[in-house]
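First the structure, in the form of structure tokens, and then the observations on it.
The values are calculated or read from the model by the stated rules, or taken from the named source; none is laboratory data. Predicted, not measured: the structure shown is a model, and the values here were computed from it. Heads up, the Cβs are rebuilt from the backbone with ideal geometry, glycines too, and the neighbour counts pull from every protein chain shown.
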Amino acid sequence: MPNTAEPSTSAPVEKPVVRGSSTMSFREMMAELWQFMRPYKKVLVAAGVALVFTAGITLSIGQGIRLLVDEGLVESSGTALRTAVLVLMSLALLMAVGTYARHYLVSWLGERVVADLRKAVFDHIVTLHPSYFEMNRSGEIMSRLTTDTTLLQHIIGTSFSMALRSSLMFVGALVLLLFTNLKLSLMVLVGVPLVLLPIVLYGRRVRKLSKVSQDSIADVGSYAGEIIQHIKTVQSYTREEHEKQAFGREVETAFRVARRRIRQRALLIAVVILLMFGAVSALLWVGGNDMIAGRITAGDLAAFVFYAMLMGSALATISEVYSELQRATGATERLVDLLQVEAEIPVSTGGDRPVPTVDAREGRVAFEGVDFSYPSRLEQPAIRALDLVVEEGKSLALVGPSGAGKSTLLELLQRFYDPQAGRITLDGVDIREIDTSVLRGEMAVVPQQPALFTADVWYNIRYGRPDASDEEVIAAAKAAHAHEFIRQLPAGYDSHLGEQGARLSGGQKQRLAIARAILKDPKILLLDEATSALDAESEYHVQQALQELMQGRTTIIIAHRLATILHADRIAVLDQGQVVAQGKHLELIDTSPLYRRLAELQFQDSRA
């Protein structure tokens, strides 16, 4: 079939997440996170002041130690000793106050930034096109929304502050070392590059392994979520042992990756500690000889060793935090991947053409030369050159074999997808020119598999109209013949339904979905096998409710059981994405071989 797609109407298809080694640098990570930190600049500045204050106080302790040794211990002066101890206690008190302020402000900032980041990612996810979720597992997306953001909270609220504090301590201690003893300071300056070198080399390895580790954790969560979601199927086919073993393999894979990362990180810390204490030992040897020779005082040596230890501990902290920052880079990149996915169908087109209001719409739907293929299988057309009209206030039933394109038409009408060619109009207006929230607000859908939420009955029925009163909810439930079974639930309308409505039967779920549609009071009604899970008596009552609901509304019905659509104003027969016949039931029996065969099979089954 020739390609007749209209380039101007097709937005870029959302790309699946591509895994691999992290390509985001630390600077790029901070640039991305800064967008979320910018609104809290005052808190950031206050945390920075507290950070500098505590670093300065900590460095001042070295001078207190020098005073304690030289004037208190060496001179054997009780007054000087008391003064030195009071100075140290005062510095410790100031450091405790500064540390409290720093820890509180930085932790608050980490929690606040991550909360905003989670909201931004979720707000973006719910606007993404359905094709994105066809090509990306929900478990992996949830891992990014929870595990990755939790890691970032730890980094921003703890590790990043530690890295800044350690950097300030390192620089400050180095400056004071130079003032204390130049010869020993030169030794330190020679040893610092030897300590920094493994941090840089091993840090790169840790960074790559951290990204792989996060991906493997996402795999574990995704696999477990899928099994839990389909637990009845797993148990029905007695596949528990198989799934245990399969999940065990996923866990072991994640463990092996984590073990490699931990080994590299542990080796990095061990090398840094070894080099640090080797350098301190050398300083003690040289400084001790100088003190014995009288070239420096005992207080100077004590202060020098204190500052050297500060430098060493700062380097050890930086080496440990460095690997955490590398993990944060990978986590940030994964979240940015989500935030940068462009929605194929925007919520609002922002077009200049005025759009009729809801009250002014009549409800005439028309498919005009529509061609469509799902993004995940572009080579297999789902709809081909389809023309179909549903007049205002009339009902149209769609019948045909599985895969004929019936449900696809409902998805196109709600603009979950845009056709590659042709257009769909509502009262003569291309639906691509209508704000999607306005378009979908005029429709109510009763699907074959109703979507219920882990909440109470009130919430689930009100989902399409949150401002409805309790009386209106109960009236809708009665119209859908759901009121009686709702009253029999443990807490009535306050009863929670469990995940995906697990506490209800299939028929009860569908009646709640019908009540939801009745309450929304839409202009266009879409019924996808709306009564397929009901017993004969419930189906009769619900059909009566639907007949009343359909009055004055444009209705499109998908049904495999032809007996449920005999009342439709018109029936369209679909096959391989095309309309092959239209008319009333008796007309189609005479004119459509496909419809006649479907009718014969069903009526033959019913007679049997």
Seminar exercise, completed: Counted residues in segment 473-502 being within 22 Å of Glu529 (Cβ to Cβ), under 34 Å from the mean Cα position of the chain (by Cα) and not in a helix (DSSP H, G or I) come to 2
For this session: Within segment 443-450, identify whether any single residue is of a type outside the set (Asp, Glu), surrounded by 15 or more Cβ atoms within 10 Å (Cβ to Cβ) and more than 29 Å from the chain's Cα centre (by Cα), and answer yes or no.
Result: no
Exercise. From Thr83, Thr58, Thr79, which residue is surrounded by fewer than 15 Cβ atoms within 10 Å (Cβ to Cβ) and either at pLDDT 70 or above or in contact with a Phe, Trp or Tyr (Cβ under 7 Å, 6 or more places away or on another chain) (or both)?
Worked result: Thr79
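Residue by residue, here is whether (1) assigned by TED's automatic domain parsing to the domain that holds Phe170; (2) within 26 Å of Leu59 (Cβ to Cβ); (3) at pLDDT below 75; (4) of a type in the set (Asp, Glu) holds:
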{"residue": "Gln235", "(1), (2), (3), (4)": "yes, no, yes, no"}
{"residue": "Arg239", "(1), (2), (3), (4)": "yes, no, no, no"}
{"residue": "His242", "(1), (2), (3), (4)": "yes, no, no, no"}
{"residue": "Phe247", "(1), (2), (3), (4)": "yes, no, no, no"}
{"residue": "Leu275", "(1), (2), (3), (4)": "yes, yes, yes, no"}
{"residue": "Val280", "(1), (2), (3), (4)": "yes, yes, yes, no"}
{"residue": "Trp285", "(1), (2), (3), (4)": "yes, yes, no, no"}
{"residue": "Ala303", "(1), (2), (3), (4)": "yes, yes, no, no"}
{"residue": "Ala314", "(1), (2), (3), (4)": "yes, yes, no, no"}
Exercise. Among the residues of segment 532-543, is any in a helix (DSSP H, G or I), of a type in the set (Asp, Glu) and more than 30 Å from Pro401 (Cβ to Cβ)?
Worked result: no
Exercise. List pairs: first in segment 377-391 and under 13 Å from Ile424 (Cα atoms) and in the same structural domain as Gln582 (by TED's automatic domain parsing), second among the aromatic types (Phe, Trp, Tyr) and surrounded by 15 or more Cβ atoms within 10 Å (Cβ to Cβ), Cβ under 9 Å, 6+ apart or cross-chain?
Worked result: Ile383/Phe367; Ile383/Phe372; Leu386/Phe367; Leu386/Phe372; Asp387/Phe367; Leu388/Phe367; Val389/Phe367; Val390/Phe367
Seminar exercise, completed: Pairing a residue in segment 419-438 that is within 20 Å of Leu386 (Cα to Cα) with any residue that is among the β-branched types (Val, Ile, Thr) and assigned to a helix (DSSP H, G or I), where Cβ atoms lie under 6 Å and the two sit 6 or more apart in sequence or on different chains, gives Ile424/Ile431
For this session: For segment 118-125, state whether one or more residues are surrounded by 18 or more Cβ atoms within 10 Å (Cβ to Cβ), in contact (Cβ under 8 Å) with a residue 12 or more places away in the chain and within 13 Å of Val341 (Cβ to Cβ).
Result: yes
Seminar exercise, completed: Scanning segment 547-561 residue by residue, those surrounded by fewer than 19 Cβ atoms within 10 Å (Cβ to Cβ) and assigned to a helix (DSSP H, G or I) turn out to be Gln547, Glu548
Problem set entry | So Leu151, is it modelled with pLDDT of 70 or more, within 30 Å of Val286 (Cα to Cα) and either of a type outside the set (Lys, Arg) or in contact with a Ser or Thr (Cβ under 9 Å, 6 or more places away or on another chain) (or both) | no
